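Chemist: Structure provided below as structure tokens; questions to follow.
Every read-out reported here was derived from the displayed coordinates using simple, explicitly stated rules and does not represent laboratory data. As the structure is a prediction and not an experimental result, all values here were calculated from the model. For neighbour counting, all protein chains shown are included, and Cβ atoms are generated from backbone atoms with ideal geometry for every residue, glycine included.
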Amino acid sequence: MNVSAEGVEAVAEVVPWEEVSESLEQKRIDYLAAKKKSLRARYIYGVIFLFTNLCAWFIRDYGQGVLPQLHYFKSCGIRGSDCFRTLGVLRVSLGSFIFFFLMFLTASKTRKLSEARNVWHSGLWGFKFCILFVSMVVPLFIPPHFIQLYGEFARVGAGIFLVLQLISVIQFITWWNKYWMPDEQKKHSCSLGLFMSTLFYIASMGGIAFMYSSYGMKLSCALNIFFITWTVILLVVMMVISLHSKVNRGLLSSGIMASYLVFLCWSAIRSEPANEECNRQKQGNEGHDWTTVLQGFLIAICSIVMATFSTGIDSQSFPFYKDQVREDDDIPYKYGFFHLTFSLGCMYFAMLFISWNLSNSAKKWSIDVGWTSTWVKIVNEWFAASVLLWTLISPAVRQSKVMDREEAVQEIDNSDVP
């Protein structure tokens, strides 16, 4: 009788545990499904972002001929001229910015997959498309001087976006350097790292030679020669500091950055007005050749990929919650930062379309062409080199300060000894 009672108690204890186990397993399945839905939502937002920017390009180049009815809007001015060209781009950019900034405000505090804000971020697309439509229409009723004010604000936002892009690039370089050269004992990894760094430096030197032959053959092209030569100096300085005994970071990180700096220098020179004698673009195209167009798009798209998918999703890029333990019901990436980056990306794309110049209308089929665009990229190149150099030097500087402090303490202790 006692055995039977013990058996009943054992069964009574086993069944609840199985139910708990099944419940936990079901929760994990639900969390996994919610996480996959959240990850798929990234691509939908990416398509929305691409669509709005294609609309901006269409409005700038073809809107006046295809959408003549816009002249009925009082804010669009005579014949709708204030809703096309530069102001048209800024209006579409403002609408896209409003949409993503609203998503930032409504989703930034999301932490768990079980929250209602996660459902809002990952679903309800019909309602969101209605919000997108309204946000794109509202700027058509805003007076031109307010649109110009948004343009000034967009310049700042685009600059912040470039900084985020640079931070993401630096983090990626640091991660890749650790991936290829994780341990001195792993000789095969060091060999691969040395091979990759050599490959990047060869590509960089090839790019330098190409720029000299294409854009710096004449003494009258002094500015181009200065840009290219200064890039070479930056490359040499990064290589020397990377190999310094107190830094000893290897050549891979500086090699990757060298290729990135060469690309920025080439992109800056390509952004010079096409009628300049030192820019070997076809004079008749006025900067509208497909290479220039694709170049601008590639820069923008790569920036978006780095500053959203690498930064908003990968916690290694921007470790806001570095010490936080990940749980099954945690969101896979920070929604607020994801949408904020897209908001800044809208401003960056607008600056590409108008070549960072609010006073003159960009020419048809041109993108990111003009002296303002050139100097933005050159400054970005120099800033990127400065950040990487500080990244290389700062550990050695901190270690030197610690050693000096320890020596000072030791001297004080020795002086106290009779």
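Chemist: Ranked from highest to lowest mean number of other Cβ atoms within 10 Å per residue, what is the order of the peptides 347-357, 157-167? Don't skip to the end; give the middle numbers.
Modeler: Values: 347-357: 25.5, 157-167: 20.3.
Descending packing order for the listed peptides: 347-357, 157-167.
Chemist: Ordered by packing density, taken as the mean number of other Cβ atoms within 10 Å over each peptide's residues, highest first, how do 83-94, 257-268 rank? Display every interim value, and only then the final one.
Modeler: Details: 83-94: 26.5, 257-268: 22.7.
Peptide ranking by packing, descending: 83-94, 257-268.
Chemist: If you take the beta carbon distance between Leu50 and Val137 as r and set R0 to 22 Å, what does 1/(1 + (r/R0)^6) give as a FRET efficiency, to the nearest 0.05?
Modeler: Taking R0 as 22 Å, the efficiency between Leu50 and Val137 is 0.70.
Chemist: Next up: Please work out how much length the chain gains when fully extended from Phe383 to Trp230, using 0.36 nm per residue of separation minus the C-alpha to C-alpha distance, in nm with one decimal.
Modeler: Working: separation 153, 0.36 × 153 = 55.08 nm, distance 1.29 nm.
Result: 53.8 nm gained on full extension.
Chemist: Which links in Lys37/Lys334; Lys35/Lys112; Lys109/Lys178 stretch past 21 Å when you go from one Cα to the other?
Modeler: Working: Lys37/Lys334 15 Å; Lys35/Lys112 10 Å; Lys109/Lys178 32 Å.
As for pairs spanning more than 21 Å Cα to Cα, those are Lys109/Lys178.
Chemist: Still on this structure, I have one more. Quick one: which of 41-51, 99-109 comes out on top by average Cβ neighbours within 10 Å, and what's the full order, highest first? Before the final figure, lay out each step's value.
Modeler: On the way: 41-51: 15.2, 99-109: 17.9.
Per-residue Cβ counts within 10 Å, averaged per peptide and sorted highest first, yield 99-109, 41-51.
Chemist: Now for a different question. Sort region 225-274 into rounded, prolate or oblate with this rule: let a ≥ b ≥ c be the square roots of the eigenvalues of the Cα gyration tensor; rounded if a/c is under 1.5, and if a/c is not under 1.5, prolate when a/b is larger than b/c, oblate otherwise.
Modeler: On the way: a/c = 5.78, a/b = 2.48, b/c = 2.33.
Cα axes put region 225-274 in the prolate bin.
Chemist: Report the FRET efficiency, 1/(1 + (r/R0)^6), for Leu219 and Glu152, where r is their Cβ-Cβ distance and R0 is 41 Å, rounded to 0.05.
Modeler: Details: r = 38 Å, r/R0 = 0.94.
The pair Leu219/Glu152 has a calculated efficiency of 0.60.
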